[in-house]
1. Consider residue 421 against the criteria (1) over 19 Å from residue 152 (Cβ atoms); (2) within 28 Å of the chain's Cα centre (by Cα); (3) in a loop (DSSP other than H, G, I, E, B): it satisfies all of them except one. Which criterion is unmet?
2. With the checklist (1) at pLDDT 95 or above; (2) closer than 21 Å to residue 153 by Cβ; (3) loosely packed, with under 15 Cβ neighbours inside 10 Å in hand, flag the one item residue 408 doesn't pass.
3. For residue 107, work out the one condition from (1) under 28 Å from residue 496 (Cβ atoms); (2) crowded, with 24+ Cβ neighbours inside 10 Å; (3) touching a residue at least 60 places away in the same chain (Cβ under 8 Å) it doesn't fulfil.
4. (1) surrounded by 14 or more Cβ atoms within 10 Å (Cβ to Cβ); (2) part of a loop (DSSP other than H, G, I, E, B): which one isn't true of residue 520, the others all being true?
5. Can you name the residue in region 178-198 that is more than 18 Å from the chain's Cα centre (by Cα) and modelled with pLDDT under 90 and, of all such residues, is nearest to residue 327 (Cα to Cα)?
6. Hey, among 398, 364, 391, which residue is part of a helix (DSSP H, G or I) and over 16 Å from residue 6 (Cα atoms)?
7. Within region 437-445, is even one residue in contact with a helix residue (DSSP H, G or I) (Cβ under 6 Å, 6 or more places away or on another chain), in contact (Cβ under 8 Å) with a residue 40 or more places away in the chain, part of a helix (DSSP H, G or I) and under 27 Å from residue 298 (Cα atoms)?
8. Filter region 262-292 down to residues that are surrounded by fewer than 24 Cβ atoms within 10 Å (Cβ to Cβ), modelled with pLDDT under 95, in contact with a strand residue (DSSP E or B) (Cβ under 9 Å, 6 or more places away or on another chain) and part of a loop (DSSP other than H, G, I, E, B), then give me how many there are.
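The values are calculated or read from the model by the stated rules, or taken from the named source; none is laboratory data. Here the structure is a predicted model, which means the values were calculated and not measured. Note: ideal-geometry Cβ built from the backbone for every residue, glycine included; neighbour counts use all protein chains shown.
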């Protein structure tokens, strides 16, 4: 399996090269040369597999055995998910008939990004150790300087995935004052020598723009061998596809339905995904393209709704509020103006809608798709907007829909799911991001008048992207009038107790300036004793 860039200029990269490079030299994102189909008997053969066994099967479809032998891939997978608190890694919770929550927050930082970043951290170390083992005695040491931007959960998940990894230094930029107190504490209380937190005056988009600038600076990149942990890194998307399959099999097992039976074929699987940078729902798209039975992928946005507006107007436009800036919401990890991973979907939409003969995998058409995406990204940079052909949006609508959820609706959803008056529904504490996905699903079910299984054919699975304790202010505010609710007793995990009082290490960057960030990175690397 080889990889190419969405902007057309970088081709024939190996999996290792795509992962270690992170961002294409043309500024594009790496995608597989082709999306592999699932094996003929996958439903029968995988029906009883654990998460780890599913991961090995799915990852091996995208990673050649010559790059990572299957036995070594299995070891990487086992090591990555040994840190999770649930035996199922991503367990499924039934809320009511036909409505489930996929809990993705059982990793070390209580966020869905642990699923990918525990694996990515081990991948980086694996590839670096192998490269160094091939060097002659006294030869150069291969190192990686990981640089990422976070609106909250990526930072702590990356840090916990990379702390103390050999030959890796990690720098995480976060917008000062725009992440939750728990998220900030999780990042800045990690004092390992190779971990560096940068608090930048600006927004998440400012931080993300700086990271892209650094990757585009060839001299700086070559000097420090930059690596990416944001969802621009293909390995993150790939790792996240696994829990869509896990949800599918877990649900069928819970209903005592044979995965290969006509009864299973009759069920429509819908996923509602809280969406900021588009990586989590994009993983569901890859699972769908591989062959996972999927009826609808619902893109649930907060009031920073570029993706919702795209499906309404067919224009991808940065503008959000009256000032055209990011609006601070109760779901801060989704407070993003531009969803970076959407570029990957756009590439597929262009390639498939511009094919006259149905042969959408021709090299000429792939190159044309890359050129179109590159032009769009340039328009976005220069004008803040580009428009997509109606045919491409109709193609996306074959599996995607989008919804917009306000803060008022988010709080109301947290309250209604905890204080449910429905005897057939379980009480559940939602974090504000998951509440966005749940509210979107409820609205979709009502407006499309679908009937959920077993009364009908649809099953809705909402992805829970974070533990509610990570967003204590929003949860406590929503539930403050609820008799008997005690956040510390009912929600707070033991791991969070005393976290806010721990020693911290963080460097403040006074403005969103790439040069200032580069200066900080080089100063900190020298402090690690690294010469360059």
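1. (2)
2. Here residue 408 clears every test but (2).
3. (3)
4. Evaluating residue 520 over (1) surrounded by 14 or more Cβ atoms within 10 Å (Cβ to Cβ); (2) part of a loop (DSSP other than H, G, I, E, B) leaves (2) as the failure.
5. Once the filter is applied, the top-ranked residue is 178.
6. None of the other options fit; the residue is 391.
7. Yes, some residue in region 437-445 is in contact with a helix residue (DSSP H, G or I) (Cβ under 6 Å, 6 or more places away or on another chain), in contact (Cβ under 8 Å) with a residue 40 or more places away in the chain, part of a helix (DSSP H, G or I) and under 27 Å from residue 298 (Cα atoms).
8. Final tally of qualifying residues: 1.
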